[in-house]
1. Find the residue count for segment 420-455, including only residues that are open to solvent by 60 Å² or more (accessible area, probe 1.4 Å) and among the hydrophobic types (A, V, I, L, M, F, W, C).
2. Being modelled with pLDDT of 85 or more and either open to solvent by less than 30 Å² (accessible area, probe 1.4 Å) or of a type in the set (D, E, K, R) (or both) is the requirement here; does Ala251 meet it?
3. Please verify whether Ile65 is part of a helix (DSSP H, G or I), among the β-branched types (Val, Ile, Thr) and more than 22 Å from the chain's Cα centre (by Cα), treating the condition exactly as stated.
4. Just give me the residues in segment 309-323 being open to solvent by 10 Å² or more (accessible area, probe 1.4 Å) and more than 15 Å from Ile272 (Cα to Cα), in sequence order.
5. If a residue must be touching a helix residue (DSSP H, G or I) at 6+ places or on another chain (Cβ under 7 Å) and open to solvent by 20 Å² or more (accessible area, probe 1.4 Å), how many such residues does segment 351-369 contain?
6. State which residue pairs qualify: first residue farther than 19 Å from Val160 by Cα and inside segment 366-390, second residue assigned to a loop (DSSP other than H, G, I, E, B) and open to solvent by less than 20 Å² (accessible area, probe 1.4 Å) in any location, beta carbons under 7 Å apart, and separation of 6 or more residues or different chains.
7. I'd like to check something: does segment 69-80 contain any residue that is more than 11 Å from Ala362 (Cα to Cα), loosely packed, with under 12 Cβ neighbours inside 10 Å, modelled with pLDDT of 85 or more and of a type in the set (A, V, I, L, M, F, W, C)?
8. For residues in segment 385-410 being touching a Ser or Thr at 6+ places or on another chain (Cβ under 9 Å) and of a type in the set (Val, Ile, Thr), which is nearest to Phe151 (Cα to Cα)?
Amino acid sequence: RSANVSHEVINVTLHTTLAATTKLVVPTPAKPILPVQTGVQAQQEEQSSGMTIFFSLLVIAICIILVHLLIKYRLHFLPESVAVVSLGILMGALIKIIEAQKLANWKEEEMFRPNMFFLLLLPPIIFESGYSLHKGNFFQNIGSITLFSVFGTAISAFIVGGGIYFLGQADVIYKLNMTDSFAFGSLISAVDPVATIAIFNALNVDPVLNMLVFGESILNDAVSIVLTNTAEGLTRENMSDVSEWQTFLQALGYFLKMFFGSAALGTLTGLISALISFFNFGDTHHIDLRKTPSLEFGMMIIFAYLPYGLAEGISLSGIMAILFSGIVMSHYTHHNLSPVTQILMQQTLRTVAFMCETCVFAFLGLSIFSFPHKFEMSFVIWCIVLVLFGRAVNIFPLSYLLNFFRDHKITPKMMFIMWFSGLRGAIPYALSLHLGLEPIEKRQLIGTTTIIIVLFTILLLGGGTMPLIRLIDIEDSKARKRNKKDINLSKTEKMGNTIESEHLSELTEEEYEAQYIKRQDLKGFMWFDAKYLNPFFTRRLTQEDLHHGRIQMKTLTNKWYEEVRQGPSGSEDDEQELL
């Protein structure tokens, strides 16, 4: 009896507990499954996507021919980005004429799709930028670059956004609310000094100035995207019952979560790739992918895109994650790879990034005729003034502040060049199309104004950088003695003619200790990295490893030469010259 009574008591208790739990736990709604198109709709979607891909590849092919002609006829004074944007404008005008004559209709194909930009075009550009930061003195200037790219971008965004908001409230320009003004100020603060960097490299300006502008532009893009996403998040939420101070704190918390969370995710992914490539060296107990460069290269490509997909999937910034992943992989992972994979990574990333950049700049020129515009002169003029003023408030005060802590001072001439090199590129344009602004005329106004500012900075500021550098006498003395015809602004030609040997360096244990560990001038992060991080995440090679790498490169070279000899035979002089 006692057993039966106990059994009944337990059953009653379980039923009571389950009932209470059922009342307390609210079932989470199932994730909606997007409808899959089938039949005729699927065929139409495939045809439309196919024509869009065909049109994009056709545009890239025409731009590649243009760049080849610039190199062939030595038109080195013209930056490639300016030439591609100009070609895009001409192509847009030609397509408009064809559509007016009703010969064809390419309106859907020539429209720039923001989703395609953020998913396919932007990640390779950002990753290649981070991966190329191995050269120069990026880590020696990491504090200055971070200050300019994070706090400087925030200052510029607040000045532009606040100026637009208060001018609108005074009925001077088109009226925007606070969140829309801040969103526009954030997206227009993304700098893209492609033409300026080409001029810096051609004139051999101060390497510190080059790295400050280059490093700031890379981190600045990610910060600008995070700030714009923050403003978008505030726009989507109902903030009517929240005070301004609570709104600011909520926006700050969202930004810090996006920035540091994405940066930590990208850094962790890069370090994991370094550890995996480190253990590739092992003995018979480990899998050595270095002996099969194709598999090793495939693994690195996976890690190149992995942080972007993961970050976007968990509501972080994929651009910020892939940027920090590229920096970490360049600093640690790259030196664990075989020489063949190192060369493959360099050339593949450069080629893909070049094609993506070319496509973006071409569509930027096409957008003049493909985008429905709303133009207001007062809005455009005041926005240009605020953009230039915000850049000045960003550069000059922060530079004077940094000079208290820097050994290599930022001179007033360098400050002026940094202010003048604040070109805008395709990221502000793509972000302007990505904003869900209502009504439609507001979106058209923001898009039109963004296109005008981008073209104004690329064509006028970018075109005036070289005369300005010569005028204020900031270029290197050797470059000053050159003839103007010797100056080469072609980024593609320089990338194709050289392999960056400093990024292929493989130091032995003794060489690394002599070059880094025993140096007395290393301070801060550079000292900590050389003492602890670099020895842990990278493997110092033995003489046997170096010998194996040389044999691998020689084998590939001989194989290529044998294939060349099996082709159409040339003259003996040509063969001797090849040998």
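The values are calculated or read from the model by the stated rules, or taken from the named source; none is laboratory data. Note that the coordinates shown come from a computational prediction; the quantities given were computed from them, not determined experimentally. FYI the Cβ positions are ideal-geometry reconstructions off the backbone, even for glycines, and counts take in every protein chain you see. We work out accessible area using only protein heavy atoms, side chains counted, and drop any ligands, DNA or RNA first. Shrake-Rupley method; radii C 1.70, N 1.55, O 1.52, S 1.80 Å.
1. So the answer is 1.
2. no
3. Considered against the rule, which asks whether it is part of a helix (DSSP H, G or I), among the β-branched types (Val, Ile, Thr) and more than 22 Å from the chain's Cα centre (by Cα), Ile65 comes out as yes.
4. Hits for segment 309-323 are Gly309, Glu312, Gly313, Ile314, Ser315, Leu316.
5. 6
6. Ser367/Phe112
7. yes
8. Step by step, filter segment 385-410, then rank; the result is Val393.
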